[in-house]
2 protein chains.
Amino acid sequence: MLDTSPATAGQPLPRVASDMLYRRLAERLHEAMAHGSLRAGDRLPSVRELAKREQVSLATAVSCYRHLENLGLVEARPKSGYYVRPRAPRLAEPEMRDGTGRASRVSVNNSVMSILAAMRRPGIVPLGAACPGPALYPSARLRRLLAAQSSANLESIGRYGMGMGHPALRAQLVRRYAHADVLLEPEEIIVTIGAMEALNLALQAVARPGDTIAIESPTYFGIENQGLKALEIPTSPRDGLSLEALDLATQKPGAVRALIVMPTVQNPLGAIMPEDRRERLVAMMAERGIAVIEDDIYGELAHGRPRPRPLKSWDREGNVMLCGSFTKVLAPGFRVGYLAAGRWREQVEHLKFVHTVSTPEVLQAAIAAFMESGGYDHHLRHLREAFHSQLDMATGTVERYFPEGTRLTRPAGGFLLWVELPRGLSGLALFERALAEDIYIAPGGIFSGGSRFDHCLRINCGYPWSAEIEGALRTLGRLCHEMLAEAG
Amino acid sequence: MLDTSPATAGQPLPRVASDMLYRRLAERLHEAMAHGSLRAGDRLPSVRELAKREQVSLATAVSCYRHLENLGLVEARPKSGYYVRPRAPRLAEPEMRDGTGRASRVSVNNSVMSILAAMRRPGIVPLGAACPGPALYPSARLRRLLAAQSSANLESIGRYGMGMGHPALRAQLVRRYAHADVLLEPEEIIVTIGAMEALNLALQAVARPGDTIAIESPTYFGIENQGLKALEIPTSPRDGLSLEALDLATQKPGAVRALIVMPTVQNPLGAIMPEDRRERLVAMMAERGIAVIEDDIYGELAHGRPRPRPLKSWDREGNVMLCGSFTKVLAPGFRVGYLAAGRWREQVEHLKFVHTVSTPEVLQAAIAAFMESGGYDHHLRHLREAFHSQLDMATGTVERYFPEGTRLTRPAGGFLLWVELPRGLSGLALFERALAEDIYIAPGGIFSGGSRFDHCLRINCGYPWSAEIEGALRTLGRLCHEMLAEAG
């Protein structure tokens, strides 16, 4: 048995929560490295020795080493065996950018639209949008459920479905959130066209043109321009939104109308806000009369742990509006999201009606049937593992090929990697050079109203690992080196 | 052969464009009455005589007389036969309400929401919302196509479908509108969540908070409150929007930003704007730089005639934004609409993205497959005939039971009847009394920002005729009589 004594350094562990044997074994070895019982340069047991000692097959032992090698944790030396590579990641994590600026108008600038247009180019490597590979979703089963549900309730095709949500789907959501300590009534849940509509409705219910809303910085910026101003609050790649900065920014009564926040797996940083901070955040906002719009679309995608309690679970005043969606976790093509709007429920129902009237019932019914049938947790587990492993592979590749001075996040969930390029390099310039090589990335500039993140980029690791993706990341590294050389 | 000489009076013919034998026969008799060759009180041929003379079966002759009887055009006298009833409708048509008021804020007032809430009461007779009976839609075929399409393109379930429209659906729309002299490129068409989203996007693209938009009066008022002001333009039950009033209201440059108009089967009046007025309208608005948002959701539902040319067909400057939907004509539950935004295309694409990102692809694919398979025209013909016949039946019943002084429209299409109660009666009071009898109607007040239509109501005739619906209309008539009596 390997020594797995506690870590001496504060080294972050990319925790591999797989139930597959070789990955469990790799995780064990990885922990031993992290805790210092295996050190850089140490020779590892041979494949045969490992298999014997751990009572696994030779194939499993080989897979285990291959996996660790892919992660950049071990290296094979010809005719000698496997050795532990230098343990500390070469690249540091980005730091939280301090400083809350002035509120600026919320808008998706035109560069976002031209950036998005590039996404649809055929043959492009899709590292830009936060869209995982379609193969990760249970489309065949959803298709069967869609057929069965539309058959069982033909009439739902011929009627508007004016209600605010399909009863079966509402019931499933109530049950699911109850496990996360959020107690909802079915009637509280308004089913929307994805989380995008949910966020727009929530914002429209609480804010008027000219109002200021607090948002994370960096953040995904694609909400409707409603004549609002955004105040960017510094956000840490580890703990999420800075409560200290939020406190300062919201002390003047009436200065901020609402806060939009992703406490669980923040986009683009992948941060998870600790529980004690969640509780404090909810209390502070309630006390100051500032509505909280909680974006929970990545809520089920924390790596290797139960889903964190949503902010909504601490909400006693109906001051938190919980927004979510099945887009990232189950059925991207169905565009089914939801919203529990607390004390703005009536306004949101009204807004939903004048926005899009209702959400297609057959799609809601198919998702509810999927959840009822009990395969949802199983699917989510697999999805989380796939994302975790894909992030590991991408992290190892960025570590290997990007220039010194690059920083990158260690996301606690989801499938997005945030990279800070060495100072002087432009994310937009890299975006353009990458595009010329048929690689699509998201330049950091679009995650802020200012220029704070212009030297950053977000990498979508939602696709299964492939030589193409590895090659694309290597190319990105090369382009960075070239840009550095040109800058002299 | 019956005499079908030209009409001497200007009597409107409820034209029955059925290819069913008994209805063709009834139409022939009806024309003879309208043209004066059969007069009120005349005895009609016996069933046996009619069958022999027209070379139809006895059953057809019986059906013909039943149909005419239901329409209130003939009456059976026991042991004597069928007689022509007094020909002129007892109730007159409503007149256009003159006077363009001051612009007022666009909003769905709260009464609309509580009125809508009542709609969902179980067991209620659904004469309020503009929602036809589900049985009129080809749900079984759509279900099969949905299953086939999602099977053939499983991947569309697992991906966002960020494009602005499914290529197959865009192609079908291009083809269909080409027949109505609207020449579109597939890329011009943005597929939306119903016409509601299309209208909202169109409006948001052209207008800013504080702007004034011209709307029809009365009109369906359910669009998003975007801080806009609405200027109501008088609209005739026969010819639609008054160009004269529009002319006056838009002479001052910049006073009006956009016009929302339903030239084909206006909701709630059922008017169809004549072609020469359409052309003039498009030219006037282009000249004055006022955007035209054309709501074409009832475009395919004109009774017994080819669909009128949309305003868009005269548009040379990209100044007309054409909005439509499959909600009323094919698949209410799918919430698939569309928008050809002329010179605002880029803005609308942007807005669609931040509004709801995209429209579920599987639903678009199923609709496209339905249209490709060639059954769409056949379905539409049946739908139009059903609506026409249902309107006829409702008209006859209102004629019979509503008090003197009531006026009602003769809609040129669709399935909505607009009733003006005798002065002094309140549509809202009738709504409330009707609700107590489990009948749901739309009070006229919600079709205007002012109080101009408070004595009106809109009746949904979208459901197949039944004893329940006839009974409900009779009850409405009785309630009106009671209210009149109470008023003294």
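The values are calculated or read from the model by the stated rules, or taken from the named source; none is laboratory data. Nothing here was measured: the structure is a model prediction, and the numbers come from that model. Positions of Cβ are backbone-derived with ideal geometry, glycine not excepted, and every protein chain shown enters the neighbour counts. Side chains are part of the model used for accessible areas, which takes the heavy atoms of the whole protein and leaves out ligands, DNA and RNA. Shrake-Rupley method; radii C 1.70, N 1.55, O 1.52, S 1.80 Å.
For peptide B:117-125, the mean count of partner chain Cβ atoms within 10 Å of a residue's Cβ comes to 1.
In this view, the solvent-accessible surface of A:Val336, computed with a 1.4 Å probe and all protein chains in place, comes to about 0 Å².
A Cβ-based charge dipole, computed about the Cα centre of chain B with Lys and Arg at +1 and Asp and Glu at -1, lands at about 800 debye. According to the calculation over all Cα-Cα pairs in chain A, the P(r) per 20 Å bin from zero is 23, 54, 22, 1 %.
Here the contact order of segment A:367-488, divided by its residue count and restricted to Cα pairs under 8 Å and six or more residues apart, works out to 29 percent.
The coefficient of translational diffusion for segment A:224-308, derived via Stokes-Einstein from the alpha carbon Kirkwood radius under 25 °C and 0.890 mPa s, stands at 181 µm²/s. For the pair B:Asp247 and B:Arg423, a Förster radius of 25 Å applied to the C-beta separation gives a FRET efficiency near 0.25, rounded to the nearest 0.05.
Taking every C-alpha pair closer than 8 Å and separated by at least 6 residues, the mean separation divided by the residue count of segment B:69-213 gives a relative contact order of 10 percent. The mean number of Cβ atoms from other chains found within 10 Å of a Cβ in peptide A:342-349 is 1, as a whole number. For the chain pair B and A, the buried solvent-accessible surface (1.4 Å probe, both sides summed) amounts to about 4800 Å². Comment: the Cα-to-Cβ extended label point of A:Ala40, at 7 Å, lies 10.6 nm from its counterparts in the other copies, nearest first. Of all lysines in the structure, those lying under 23 Å Cα to Cα from A:Lys52, and not within fewer than 8 positions of it along the same chain, are A:Lys79. Counting only Cα atoms, I'd like the Rg/Rh figure for segment A:350-408, Kirkwood definition for Rh. For segment A:350-408, the value is 1.31.
Extension gain for A:Arg24 to A:Leu484 (0.36 nm times residue separation, less C-alpha to C-alpha distance): 161.6 nm. Between A:Val74 and A:Glu69, A:Arg85, the built amide H atoms are under 5 Å apart, and every one of these is 5 or more places off in sequence or on another chain. Computed over every Cα-Cα pair of segment B:257-351 and binned at 5 Å starting from 0, the pair-distance distribution P(r) comes out as 3, 13, 23, 24, 19, 12, 5, 1 percent. Applying a DSSP loop filter and a limit of 12 other Cβ atoms within 10 Å to the trypsin sites (Lys or Arg not before Pro) in segment A:378-441 leaves A:Arg423. Ordered by solvent-accessible area of protein heavy atoms (1.4 Å probe), largest first, the residues A:His455, A:His179 come out as A:His179, A:His455. When only Cα pairs below 8 angstrom with a gap of at least 6 residues are kept, segment A:166-246 shows a relative contact order of 19 percent. Once the Kirkwood radius over Cα pairs is known for the protein assembly as shown, the Stokes-Einstein relation at 25 °C and 0.890 mPa s delivers a diffusion coefficient of 79 µm²/s. These residues, A:His382, A:His30, go from largest to smallest accessible area, 1.4 Å probe, as A:His382, A:His30. Closest approach to the axis carrying A onto B, counted by Cβ on chain A and given in whole Å with its residue, is A:Ala147, 2. Translational diffusion of segment A:209-257 was estimated from the Stokes-Einstein equation, with Rh taken as the Kirkwood radius over Cα pairs; at 20 °C and 1.002 mPa s the coefficient is 186 µm²/s.
A simple spin-label model places the labels of B:Ser151 and A:Val62 4.1 nm from each other, with each point 7 Å out along Cα-to-Cβ.
Ignoring ligands, DNA and RNA, how do A:His355, A:His481 rank by accessible area with a 1.4 Å probe, largest first?
On the way: A:His355 0, A:His481 90 Å².
I get A:His481, A:His355, largest accessible area first.
Average projection, convex hull of the Cα set of segment A:300-435: 12.2 square nanometres.
Evaluate E = 1/(1 + (r/R0)^6) for B:Ser104 and B:Ala40, where r is the Cβ-Cβ distance and R0 equals 51 Å; express this FRET efficiency to the nearest 0.05. Approximately 0.65, to the nearest 0.05.
For A:Gly318, inter-copy separations between label points set 7 Å beyond Cα along the Cβ vector come to 4.6 nm, shortest first.
Applying both filters, DSSP loop and at most 14 other Cβ atoms within 10 Å, to the GluC sites (Glu not before Pro) of segment B:268-373 gives B:Glu317. Take each residue in B:331-339, count the other chain C-beta atoms within 10 Å of its C-beta, and the mean is 6. What you get for the protein assembly as shown, charging only the Cβ of Lys and Arg (+1) and of Asp and Glu (-1), is a dipole of about 1200 debye around the Cα centre. Taking the alpha carbon gyration tensor of segment A:114-189, multiplying each eigenvalue by 5 and rooting it gives semi-axes of 32, 21, 15 Å, largest first.
So if R0 is 45 Å, what FRET efficiency would B:Ala92 and A:Glu185 give, r being the distance between their Cβ atoms, rounded to the nearest 0.05? For R0 = 45 Å, the calculated efficiency reads 0.35.
For segment B:384-488, the fraction of C-alpha pairs farther apart than 21 angstrom is 29 percent. Each other copy places its own label point for B:Glu372 at 3.2 nm from this one, sorted shortest first, where the point lies 7 Å along the Cα-to-beta carbon line. Calculated on the alpha-carbon coordinates, the convex hull of segment B:195-344 measures out at 99 cubic angstrom per residue.
Loop-located trypsin sites (Lys or Arg not before Pro) across segment A:306-339 with a Cβ neighbour count of 12 or fewer within 10 Å are A:Arg316, with loop assigned by DSSP.
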